[in-house]
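S.K.: Let me begin by handing over the structure; questions about it come next.
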Amino acid sequence: MNRNTDHSGAASYGASLMFDVNTAAGAVASAGPSASSPLALRADGVQMRYGGTMALKGVSLEAKAGNIHALIGENGAGKSTFLGVIAGRVVPSAGNVSIFGQPHVFGQPRQARRLGITAIYQELTIVPRLSAVANVFLGQPISRSGMLDEKSMRRDFDTLCERLDVRIRPDVLAGTLSVADQQMLEIMRGIQSEARLLLFDEPTTSLAPPEREALFKIMRQLKDHGTTMMFVSHNLEEVLDISDTVTVFRDGSLSASGDRSDWDKPSLIRAMVGHDVVENRRVERPPVPAGMPFLLQADKVTVPGAIENVSITLKRGEILGIGGLVGSGRTSLLRALAGLEPRSTGTLVINGEACPWPNDPRRALGAGIALVPEDRKAQGLVLGMRAMDNVVMADMKQVSRMGFLSNTMIREKSRKIAREFGYPETRLETIVRHLSGGNQQKVLLGKVRFCSPSILLVDEPTRGIDIGAKDEIMNTLRALADEGVGIIVVSSDLEEVIAISDRIVVMSEGQAVAELDQSRSTVAVGDILHAAFRVH
Amino acid sequence: MNAQNSAINVSTTPKEMRFFSRDVMLQYGVLWAFLLLLIVSAFLYPRVFELQNIQNILSQSAPVGIVAVGMTFVIIGGGFDLSVAAIFALGAVVFANRADVFGLWGAAAAVVTVSAICGIINGLIVTRLKVNAFVATLGSGSVFGGLAYIYSNSAPQVPNDFNFGDLGTGSWFGWPISIWMLFITFAVGAAILSRSVYGRSIYALGGNEEAARLSGIPVDLYRASTYVLTAICSGVGGMILSSRLGVGQADMGGSLALDAIAIVVIGGTSLLGGEGALWRTAVGLLIIATLTNVFDSLAINTNYQLVAKGLIVIAAVALDIYARKMRT
């Protein structure tokens with residue numbers, strides 16, 4: 001693999017031609033516009049400056065038409081920004097991009113669409129009060145003489161559902177769907193626009209394995225029809241599984257780029273971080289003593305329409321994983337325990353004492369239960385505030401005297417939390433909106449940690465986060481458990497659930513269907529899926 | 001989108017302290033605009049800086065300024081209050097009507113009680129009935145305004161108490177009492193908003209209600225409390241005006257709601273909630289007050305003043321949005 005460390009726009013162009021090139025040095029001639037297969041995209045010295053930082057330091061690359069092209073890199077490496085430039089959403093500070101030979105107009109998504117580009121974003125762009133059909137056809141409805149042609153749209157919607165193997169009712173309000181289903185709508189919207197160049201920003205983060213498979217099947221179909229695709233991902237397996245070309249970003253520059261056949265998992269990771277990392281593996285923890293009394297006993301937890309009569313137990317210092325597919329009720333269970341489901345019912349015993357069922361988050365917090373929500377931007381953080389203000393938010397009593405906040409105390413105490421979570425102390429005064437996903441997640445964990453809960457509920461703790469930060473977060477959770485905090489983890493990444501849990505409860509269709517103990521032998525992903533699909 | 005910096009950042013890092021850096025220029029754009037206005041005013045109306053004139057400007061704008069303090073709380077909390085004009089009028093009428101019966105202090109207590117009840121009603125409509133704040137206060141404003149007319153029989157309330165005018169025209173230590181009231185409201189409001197747990201919770205509420213709820217902040221109670229604060233500010237504002245004019249009338253509110261919102265918005269506090277600051281509202285108030293003062297001194301017809309002020313509100317907000325865009 002070539003390494004491109006050249007940062008200046010024009011000069012890096014030559015070096016970047018290696019994009020289509022194999023590892024042999026000096027093979028530059030085989031790439032370039034004159035190569036046999038036409039170029040879908042050609043970027044030339046693209047720079048992006050946000051305030052004082054350079055998110056892109058002169059990136060040049062080319063993408064062949066009809067290829068599936070993966071962009072990977074750690075958080076903040078610039079891959080999403082680059083995708084944004086191509087999508088026409090972000091206006092670069094310098095550089096040119098041409099799409100199928102035509103110059104790109106920046107900052108005009110509509111113009112980008114005219115060039116045949118459709119982007120599917122990581123942040124959902126669903127209109128919650130519109131129906132599923134209306135969302136799929138947003139901005140490009142089928143109409144006949146100015147009137148909406150509902151019938152045709154519904155027909156196309158059904159066809160799409162069939163192709164993607166999903167079951168979403170056309171009339172259901174998009175806002176009531178799960179995150180995974182909303183993601184599916186987003187993907188359907190991209191597919192039905194019949195774009196020549198489809199951009200995906202982490203399309204699979206909230207999808208369960210079967211849904212991923214369906215998406216990959218569609219991506220391959222589209223490729224056979226000549227569609228060019230470019231996608232950002234943190235999941236190296238899926239990158240290796242589906243892409244033709246892989247480009248690795250590091251610190252705003254191209255780190256390396258090459259054909260799929262040149263890469264394997266270790267080499268990708270090396271290119272991303274610049275050194276070898278041990279892959280995220282299960283860390284053995286001392287087993288929770290059998291005679292230990294229960295910290296939490298939740299019995300017959302029911303959330304109408306989501307889960308029914310689920311009972312779970314948790315001991316001090318234990319990490320309980322909840323396995324299951326998207327829509328199995330995992331998140332509802334956590335939300336009910338955190339007091340976010342007012343219609344939920346059940347009985348709760350904490351440390352052997354019966355507690356009233358939490359019907360609002362204040363009561364749950366009072367009982368020592370804190371939730372790290374799934375959607376850190378929408379539910380977890382106040383994006384306009386500084387990191388340290390977010391950290392102390394759930395327990396401002398600790399940093400105030402007679403109702404007035406002390407900046408010194410906020411700084412001191414949040415610094416302590418930052419150290420614990422491997423969060424850079426210099427970023428404590430940064431507005432959370434400007435932080436990378438990994439750092440935002442650390443702030444969110446720090447915020448929950450700050451109110452010292454005895455029971456921590458964690459929903460998708462590593463969604464959309466790079467490998468380095470993932471490891472740090474996992475280690476912090478283990479350290480908390482070692483201190484005696486009981487932790488319940490929900491994650492779509494089943495390997496992650498296995499890596500961290502002492503015990504796994506598998507949920508399926510709103511019920512707990514199996515309990516797998518890891519104290520003797522490690523559970524395999526297949527075991528969880530078997531239980532989740534009720535295969536016997 | 002660094003505007004929040006100014007709102008919540010109490011200390012600034014050394015890098016941001018560079019005086020004429022672009023970020024500082026943009027972040028404090030409203031201050032520069034005010035300075036520019038002062039310079040222009042000095043040419044158009046040389047007496048603008050005389051102590052007498054300054055006191056005049058401030059005491060005239062005390063009522064609307066006090067309302068704007070409450071409005072800042074509501075807007076930062078992600079809400080909106082159109083009923084302030086009606087509560088203001090109700091306060092004026094009740095104060096004038098009760099002054100002879102309860103005495104001045106008793107009448108003042110009655111005003112605070114009545115306006116607090118109005119605020120509680122607004123808060124309940126918004127948090128319990130979940131009616132959109134705009135519609136809720138549009139409706140309740142009509143109700144409160146109607147009650148002011150009914151209570152006063154549509155007649156001017158003129159009390160006989162000789163000291164009725166003290167609040168609006170008297171002075172402490174050489175400065176009008178109304179200016180002291182304005183200063184105190186701003187100072188206490190700013191301390192609460194920027195330094196207290198309650199104030200920080202209001203920012204959190206306006207910035208991300210779900211995150212605030214999950215943090216254990218009693219969101220409904222706090223949201224309702226911002227309406228109560230605003231209502232009390234409005235009642236007190238009405239009291240001051242009726243005292244200055246020596247009469248309480250049900251049509252005293254006028255365009256007060258929009259004026260107060262304009263002051264908050266000109267200062268650079270976002271209508272989206274979660275960001276802004278009281279010093280911004282203070283600058284907004286000074287800008288509007290200075291403009292009125294200069295226009296009046298030049299004997300410009302109030303109709304033209306209305307047109308000019310409307311354009312300035314739009315220009316200020318457009319500039320603010322542009323400045324934010326430049327800074328990201």
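What follows draws every value from the coordinates through simple rules; no lab data is involved. These figures come from a predicted structure and were not determined experimentally. With ideal geometry, Cβ positions are generated from the backbone for all residues, glycine too; neighbour counts draw on all protein chains shown.
S.K.: Taking every alpha carbon pair in segment A:126-193, what does the distance histogram look like in 5 angstrom bins from 0, in percent?
M.R.: In order of increasing distance, the bins hold 4, 19, 33, 26, 13, 4, 1 percent.
S.K.: So between A:GLU412 and A:SER261, what do we pick up on full extension, going 0.36 nm a residue minus the alpha carbon distance?
M.R.: 49.3 nm
S.K.: Filter the GluC sites (Glu not before Pro) in segment A:92-189 down to the DSSP loop ones having no more than 16 other Cβ atoms within 10 Å, then list what survives.
M.R.: Working: sites: A:GLU123, A:GLU150, A:GLU162, A:GLU186; in loops: A:GLU123.
For GluC sites (Glu not before Pro) across segment A:92-189 that sit outside H, G, I, E and B with at most 16 neighbouring Cβ atoms in 10 Å, the list reads A:GLU123.
S.K.: Which of B:VAL294, B:VAL101 has the fewest other C-beta atoms within 10 Å, and how do the rest follow up to the most? Each step should come with its number before you reach the end.
M.R.: Working: B:VAL294 20, B:VAL101 11.
Listing B:VAL294, B:VAL101 from fewest to most nearby Cβ atoms yields B:VAL101, B:VAL294.
S.K.: Can I ask one more? If each residue's Cβ is checked for other Cβ atoms within 10 Å, how do B:LEU44, B:LEU31, B:LEU214, B:LEU26 rank with the fewest at the top?
M.R.: Ordered from fewest to most neighbouring Cβ atoms within 10 Å, B:LEU44, B:LEU31, B:LEU214, B:LEU26 come out as B:LEU44, B:LEU31, B:LEU26, B:LEU214.
S.K.: Describe numerically, in nm with one decimal, the distance between label points set 7 Å from Cα along Cα→Cβ at B:LEU35 and at B:LEU124.
M.R.: 5.0 nm
S.K.: Which residues does a label at A:ARG144 reach in segment A:169-210, if reach means a backbone N under 19 Å from a point 7 Å past the Cα toward the Cβ?
M.R.: Zone members listed by number: none at all.
S.K.: Give me the angle, in degrees from 0 to 90, between the Cα long axis of helix A:467-482 and the longest principal axis of the Cα atoms of chain A, rounded to the nearest 10.
M.R.: 0 degrees
S.K.: Looking only at segment B:135-152, which residues have a backbone nitrogen under 20 Å from a spot 7 Å from the Cα of B:PHE102 in the C-beta direction?
M.R.: B:144-152
S.K.: Could you put B:THR281, A:THR430, A:THR462, A:THR205 in order, starting from the residue whose Cβ has the fewest other Cβ atoms within 10 Å?
M.R.: Arranged by neighbour count, lowest to highest, B:THR281, A:THR430, A:THR462, A:THR205 become A:THR430, A:THR205, A:THR462, B:THR281.
S.K.: Continuing with this model, one more query. Classify segment B:61-327 from the C-alpha gyration tensor, please: rounded if a/c falls under 1.5, else prolate or oblate depending on whether a/b exceeds b/c.
M.R.: Judged from the Cα gyration tensor, segment B:61-327 comes out oblate (a/c at least 1.5, b/c at or above a/b).
S.K.: For B:SER255 and A:LYS377, what does the FRET efficiency come to when R0 = 51 Å and r is the distance between their Cβ atoms, rounded to the nearest 0.05?
M.R.: Working from the Cβ atoms, E equals 0.85.
S.K.: Which lysines, if any, have their Cα less than 17 Å from the Cα of A:LYS223, not counting same-chain residues under 8 positions apart?
M.R.: A:LYS64
S.K.: May I pose another question? Quick one, could you list the DSSP H helices from chain B stretching 30 Å or more along their long axis (Cα atoms) with average Kyte-Doolittle hydropathy of 0.0 or above?
M.R.: Long hydrophobic helices here: B:51-76, B:84-127, B:219-245, B:302-327.
S.K.: So if I place +1 on the C-beta of Lys and Arg and -1 on the C-beta of Asp and Glu, and nothing else carries charge, what would the dipole magnitude of chain A be about its Cα centre? I want it in debye, nearest 20.
M.R.: Once rounded to the nearest 20, the dipole reads 1380 debye.
S.K.: Using a ≥ b ≥ c from the Cα gyration tensor of chain A (square roots of the eigenvalues), is it rounded, prolate or oblate, where a/c under 1.5 gives rounded and otherwise the larger of a/b and b/c decides, a/b for prolate?
M.R.: prolate
S.K.: Could you work out [θ]222 nm for chain A from helices alone, using -39500 (n - 2.57) per DSSP H run of at least four and dividing by all its residues? Round to the nearest 500 deg cm²/dmol.
M.R.: It lands at -9000 deg cm²/dmol.
S.K.: I've got another one for you. Give me the dipole magnitude in Debye, nearest 20, for segment A:384-451 about the Cα centre, with unit charges on the beta carbon: positive for Lys and Arg, negative for Asp and Glu. Before the final figure, lay out the partial values.
M.R.: Values: 13 positive and 6 negative charges, 13 e Å.
About 60 debye.
S.K.: Express in nm, to one decimal, how much length is gained between A:ASN96 and A:THR430 on full extension, taking 0.36 nm for each residue of separation and deducting their alpha carbon distance.
M.R.: Answer, rounded to one decimal: 117.1 nm.
S.K.: Using the Kirkwood radius built from alpha carbon pairs, what does the Stokes-Einstein equation give as D for segment A:384-451 at 10 °C and 1.306 mPa s, in µm² per second?
M.R.: The Stokes-Einstein estimate is 137 µm²/s.
S.K.: Now a separate question. With each run of n ≥ 4 DSSP H residues scored as -39500 (n - 2.57), what mean residue ellipticity at 222 nm is computed for chain B after dividing by its residue count and rounding to the nearest 500 deg cm²/dmol?
M.R.: It lands at -25000 deg cm²/dmol.
S.K.: Moving to a separate point now. With a sphere of radius 11 Å drawn around the Cβ of A:ALA195, what net charge do the other residues whose Cβ falls strictly inside it have (Lys, Arg +1; Asp, Glu -1)?
M.R.: That works out to +3.
S.K.: Additional query: Distance in nm between label sites at A:ARG169 and B:LEU44, each 7 Å beyond Cα in the beta-carbon direction?
M.R.: 6.2 nm
S.K.: Next question. As an exercise, use a Förster radius of 41 Å and the Cβ-Cβ distance of A:GLU162 and B:ASN132 to find the FRET efficiency, rounded to the nearest 0.05.
M.R.: Here the calculated transfer efficiency is 0.55.
S.K.: Separation between the A:THR125 and A:ASP517 pseudo-spin-labels, each 7 Å from Cα along Cα→Cβ, expressed in nm?
M.R.: Placing both labels 7 Å along Cα→Cβ, they lie 5.1 nm apart.
S.K.: Moving on. Calculate how steeply helix A:150-164 sits against the longest principal axis of the alpha-carbon atoms of chain A, using the helix alpha-carbon long axis, and give the answer as 0 to 90 degrees to the nearest 10.
M.R.: 80 degrees
S.K.: Still on this model: Between A:LYS151 and A:ARG343, what is the FRET efficiency for a Förster distance of 45 Å, r being their Cβ-Cβ separation, to the nearest 0.05? If you can, show how the numbers build up before the last one.
M.R.: On the way: r = 36 Å, r/R0 = 0.81.
About 0.80, to the nearest 0.05.
S.K.: Given the options B:SER140, B:ALA282, B:SER196, identify the residue whose Cα lies farthest towards the positive end of the charge dipole of chain B (+1 on Cβ of Lys, Arg; -1 on Cβ of Asp, Glu).
M.R.: Comparing the listed Cα positions along the dipole, B:SER196 ranks first.
S.K.: Once you order the gyration tensor axes a ≥ b ≥ c over the Cα atoms, which shape class does segment B:137-261 get: rounded for a/c under 1.5, otherwise prolate or oblate by comparing a/b with b/c?
M.R.: Cα axes put segment B:137-261 in the oblate bin.
S.K.: What's the average, rounded to a whole number, of partner chain beta-carbon atoms within 10 Å of each residue's beta-carbon in A:100-108?
M.R.: Counting other chains' Cβ atoms within 10 Å and averaging over A:100-108 gives 0.
S.K.: Assuming 0.36 nm per residue, please report the length gained on full extension of the stretch B:ASN56 to B:ILE300 beyond their Cα-Cα distance.
M.R.: Going from the current span to full extension adds 86.0 nm.
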